[in-house]
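Report on the following structure.
The values are calculated or read from the model by the stated rules, or taken from the named source; none is laboratory data. Given the structure is predicted, the values throughout are model-derived calculations rather than measurements. Using ideal geometry, Cβ is built from the backbone for each residue, glycine included, and neighbour counts are taken over all protein chains shown.
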Amino acid sequence: MSGGIATVPAGSVTANFTSSAYLPQFYASITPNTVITNIYGSGSYSIGGGTSYPQLVAITPDAAAVSVDGATTIAIGGTNDTVTATGDTPVVAFLASGSVLNTGSTTATVFGATGPSTINAGSGATTAFGSTGDLVFSGGASSGDFVLGGAGQTSINAGSGGNNTLIGGSGTSMITASGSGTGDLLVGGLGTTMVNAASTTGALTISVNPNSNSGTLVATLGSGADTMLAGAGQAVVQGGSGPDVYGFVAGHSGGAVTILGFSGKDNIAFEGYSAPPVEAVGSLGDVITLSDGTTITLSGIDHKIFSV
C-alpha cells in the first residue's frame, strides 16, 4: 500500500482513533477547523524540523515508523506504529494498540491505549497514564517522570535521574528501580503491585496506596536509606541493607504489613496515634497492633521492641 503525508481538516481523521481510551482528551485538543498533518499508508516518514507542517500530527496506517519534530500533539490511529519525537517542543501523545513511542529529549504527556503499548522515555520528563491495555514504561536519563498504571498489566522501569513518581494501577503492576538515583516515590496501586528496588543505592520512598484498602504491595528494598509508608491494604516488605524507616500515620492505615529482615539499624515511626502499640510475640514474629487496627508483623523477631 502506498502512503504519504497530507494536510487535512480534523473531521477527516477522528474516526480512525477508536483504539484510544482517551478520545475525549484527543477531541478536546482539536476543533472542526483544526488543520492536521495526516500520515497515511505503511512506511517510514520524517516530518517537522522547520518545515511548514501543522503542529498536530495524526498517524493512521498500521506498522508505520514516524519521526516527528516540533509537533505539540501526536495521535496514533493505526496499530503497531513506532513513533519517535525529536526536538524540544513539549508534546501530548495518544497511543493505539501496539504503539511504541520514543520521547527523546522532549517533555511528553502520554495517554495509553486499550491494547498493549510501550513508552521509551528519554532525557525529557515524561508523564504517562495507563489504560485498559498493557503498558510498558522504560524511564530514561530524566528526573521528574510521573507514571500512573491503568487496568491492564503495567511494567515500569524507573529512569536514572531520580525524583520520579511511579504508581501502580488497578491491574497487576511491576515497578523496577536500580542505580544511585534518589528521591523516587514508588506507590502501590489498587491492584497487586510488586516493587523491586533491590539493586538501588539511593534513598527511595515506597508507599502502599494511601486511599484504599484493596491494594496489595510486595516490595524489596535496596542498600540506601529507604522509607516505607504503610497504609490500608496488604504489604510484604523485604528490608534492605541500609537503615530503613517504616512509617505509620493514623487515619491512613488499617492494613496488615509484614516486614522481613528488620534489624537494629531500622526504625519504626508512628504519627498521630494516641494509644501505645500492643505487642504479642508468636510463631511469625513480633506482632504489633495499632489503635486503628493496623497490624505490623516483624518476621523472625522473637522479642518485643516497644514493651516488655
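Applying the selection to region 126-169, what residues are assigned to a loop (DSSP other than H, G, I, E, B), aliphatic (A, V, I, L, M) and surrounded by fewer than 23 Cβ atoms within 10 Å (Cβ to Cβ)? Passing the criteria: Ala141, Ala151. Here region 170-182 is the region considered, the condition is being among the polar types (S, T, N, Q) and not in a loop (DSSP other than H, G, I, E, B), and the residue that is farthest from Gln234 (Cα to Cα) is Ser178.
Is there a residue in region 144-154 that is in contact with a Pro (Cβ under 7 Å, 6 or more places away or on another chain) and either free of Cβ contacts under 8 Å to residues at least 24 places away in the same chain or of a type in the set (Asp, Glu) (or both)?
no
Look at Gly98 and say whether it is surrounded by fewer than 24 Cβ atoms within 10 Å (Cβ to Cβ), modelled with pLDDT under 95 and either in contact with a strand residue (DSSP E or B) (Cβ under 8 Å, 6 or more places away or on another chain) or over 20 Å from Ala64 (Cβ atoms) (or both). Taking the combined requirement at face value, the residue does not satisfy it. For region 46-67, residues that are of a type outside the set (S, T, N, Q) and either part of a loop (DSSP other than H, G, I, E, B) or modelled with pLDDT of 95 or more (or both) total 10.
Within region 238-258, work out how many residues are among the hydroxyl-bearing types (Ser, Thr, Tyr) and either in contact with a helix residue (DSSP H, G or I) (Cβ under 7 Å, 6 or more places away or on another chain) or not in a loop (DSSP other than H, G, I, E, B) (or both).
The total comes to 2.
Against the list (1) touching a helix residue (DSSP H, G or I) at 6+ places or on another chain (Cβ under 7 Å); (2) aromatic (Phe, Trp, Tyr); (3) farther than 23 Å from Ala151 by Cβ, the condition Tyr45 fails is (1).
Is it true that some residue in region 273-287 is buried (at least 19 other Cβ atoms within 10 Å of the Cβ), aromatic (Phe, Trp, Tyr) and touching a residue at least 24 places away in the same chain (Cβ under 8 Å)? No, there is no match, as no residue in region 273-287 is buried (at least 19 other Cβ atoms within 10 Å of the Cβ), aromatic (Phe, Trp, Tyr) and touching a residue at least 24 places away in the same chain (Cβ under 8 Å). In region 15-43, what residues are crowded, with 18+ Cβ neighbours inside 10 Å, within 19 Å of Val66 (Cα to Cα) and modelled with pLDDT of 75 or more? Asn16, Ile36, Thr37, Asn38, Ile39, Tyr40 - these are the residues of region 15-43 that are crowded, with 18+ Cβ neighbours inside 10 Å, within 19 Å of Val66 (Cα to Cα) and modelled with pLDDT of 75 or more. In the condition set (1) more than 22 Å from Ile5 (Cα to Cα); (2) crowded, with 18+ Cβ neighbours inside 10 Å; (3) among the charged types (D, E, K, R), Asp88 is compliant with all but (2). Residues in region 159-185 that are in contact with a Leu (Cβ under 6 Å, 6 or more places away or on another chain) and either more than 19 Å from Thr220 (Cβ to Cβ) or not acidic (Asp, Glu) (or both): Thr165, Leu166, Ile167, Ser170, Ile175.
On the given criteria, is Val237 of a type in the set (A, V, I, L, M, F, W, C) and buried (at least 18 other Cβ atoms within 10 Å of the Cβ)? So Val237 passes the test. Summed over region 130-174, residues that are under 14 Å from Asn120 (Cβ atoms) and among the aromatic types (Phe, Trp, Tyr) total 1.
Within region 12-36, residues that are over 15 Å from Ser97 (Cα atoms) reach partners that are at pLDDT below 75 and of a type in the set (A, V, I, L, M, F, W, C) with beta carbons closer than 9 Å, at six or more positions or on different chains, in the pairs Thr14/Leu23; Phe26/Phe17; Tyr27/Phe17.
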